[in-house]
Amino acid sequence: MGCTDCGNKGGCDARKHAQRERFDEALGRVYPDRTWGRLDDEARFGAGVARSEARRLARAIAAGLEAPTFFRPGGDDDLCDFVYVLCVGRAPALLEVRDGLAAPEAGPIEERYLRLALSSVARLGAVQEVAMSLDRAEVIEAPRSGVFDPTLLRRMQKLVALLEDSDVTHVDFGMIDRPLEGSAPGAYVERFGVEPRLVNFLFFAQPAMTRTITPVGR
C-alpha cells in the first residue's frame, strides 16, 4: 500500500527502478566498504534532508494532509529525523503524552500514525504505519513494515505527492526492509541481535519493527 502512480506510464516497475538507482547511488557514496556504521562523513555532509527542512516539511504536511504532525529528531545513531502524522486519534496525542508534553488520560486509548523518516544522507523519505496505545500507565509504540490500514490511504497518497513536490524521493518500505547484499554488519549484530537491513544503512539504527514501551504519569 502507498503506491500512488499505478495509472501512470511505466507504473510500479519504473518507480521501483528509480528508487533502486537512488539507493545504489547513496550507498556507493556513503559506504565505500558497505559496512554498517562506517560512513564517509565528507560524502554524506549536506546530501540528505537537513533538520531545518524536515521541520518545514512537517508544517507543510500538517497543512496539506489536514492532520496534526509532530517533528521528532532522530537519535544519535540514526541517519534520519521523523515526522509523525496523527491519522486516527485526538488531542492530546499519545505521542505528546509519551514525551511528557501532555498529561495521560484514562485508557485504554489507541491511535494510528504515519511515521515519515527523512534521511540525512540522501534525499529519501520512507513511511511506516505506527500504532500507539495507552495501556495502564504505559504508552506502547508499534511500527509495522509499511502501511497497511486502508483508512490511511488517502493521507498516504497526499504525503507521497508532497514529498515528490519537495524533491524528496518516497521509497516503498518493503524495498528497504530487506538485507543489503554484499554488505558487512559491522557492530550491528552485537548491538541489536539481528543482521542490519537496508533501512538501517540509510535511515535509522533500530530494527524496523522495534516496539517501545514508555512509562507515563509517574
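Scanning the stretch 163-197 for residues that are among the hydrophobic types (A, V, I, L, M, F, W, C), in contact (Cβ under 8 Å) with a residue 12 or more places away in the chain and either buried (at least 20 other Cβ atoms within 10 Å of the Cβ) or out of contact with any Leu (no Cβ under 9 Å at 6 or more places or on another chain) (or both) returns Leu163, Val168, Val171, Phe173, Ile176, Leu180, Ala184, Ala187, Phe192, Val194.
When only residues in the stretch 193-214 that are within 16 Å of Gly74 (Cβ to Cβ) and among the hydrophobic types (A, V, I, L, M, F, W, C) count, which is farthest from the chain's Cα centre (by Cα)? Selected residue: Phe201.
The residue list Val216, Val168 contains one member that is β-branched (Val, Ile, Thr) and at pLDDT 95 or above, which is Val168. Only one entry of Val85, Val121, Val127 meets the criterion of being within 24 Å of Gln19 (Cα to Cα), in a loop (DSSP other than H, G, I, E, B), touching a residue at least 60 places away in the same chain (Cβ under 8 Å) and not aromatic (Phe, Trp, Tyr), and that entry is Val121. Taken together, the residues in the stretch 29-68 that are small (Gly, Ala, Ser), exposed (fewer than 12 other Cβ atoms within 10 Å of the Cβ) and either touching a helix residue (DSSP H, G or I) at 6+ places or on another chain (Cβ under 6 Å) or over 14 Å from Leu118 (Cα atoms) (or both) amount to 1. Checking each residue in the stretch 105-129 for being among the aliphatic types (A, V, I, L, M) and either surrounded by fewer than 16 Cβ atoms within 10 Å (Cβ to Cβ) or closer than 15 Å to Asp81 by Cβ (or both) picks out Ala106, Leu114, Leu116, Ala117, Leu118, Val121, Ala122, Leu124, Ala126, Val127. For Asp99, state whether it is farther than 30 Å from Asp40 by Cα, charged (D, E, K, R), surrounded by fewer than 18 Cβ atoms within 10 Å (Cβ to Cβ) and touching a Gly at 6+ places or on another chain (Cβ under 9 Å). The answer is no for Asp99. Only residues that are closer than 18 Å to Asp177 by Cα and small (Gly, Ala, Ser): list them for the stretch 16-44, please. Those that are closer than 18 Å to Asp177 by Cα and small (Gly, Ala, Ser): Ala18, Ala26, Gly37.
For Thr210, the conditions (1) free of Cβ contacts under 8 Å to residues at least 24 places away in the same chain; (2) not in a helix (DSSP H, G or I) are fulfilled apart from (1). For the stretch 143-156, state whether one or more residues are within 17 Å of the chain's Cα centre (by Cα), among the polar types (S, T, N, Q) and either surrounded by 20 or more Cβ atoms within 10 Å (Cβ to Cβ) or part of a loop (DSSP other than H, G, I, E, B) (or both). Yes, some residue in the stretch 143-156 is within 17 Å of the chain's Cα centre (by Cα), among the polar types (S, T, N, Q) and either surrounded by 20 or more Cβ atoms within 10 Å (Cβ to Cβ) or part of a loop (DSSP other than H, G, I, E, B) (or both). If you go through the stretch 91-117 and pick out every residue that is in contact (Cβ under 8 Å) with a residue 12 or more places away in the chain, of a type outside the set (D, E, K, R) and out of contact with any Leu (no Cβ under 8 Å at 6 or more places or on another chain), you end up with 4.
The values are calculated or read from the model by the stated rules, or taken from the named source; none is laboratory data. This structure is a prediction, so every number in the text was calculated from the model and none was measured. Glycine also receives a Cβ, built like all others from the backbone with ideal geometry; neighbour counts cover every protein chain displayed.
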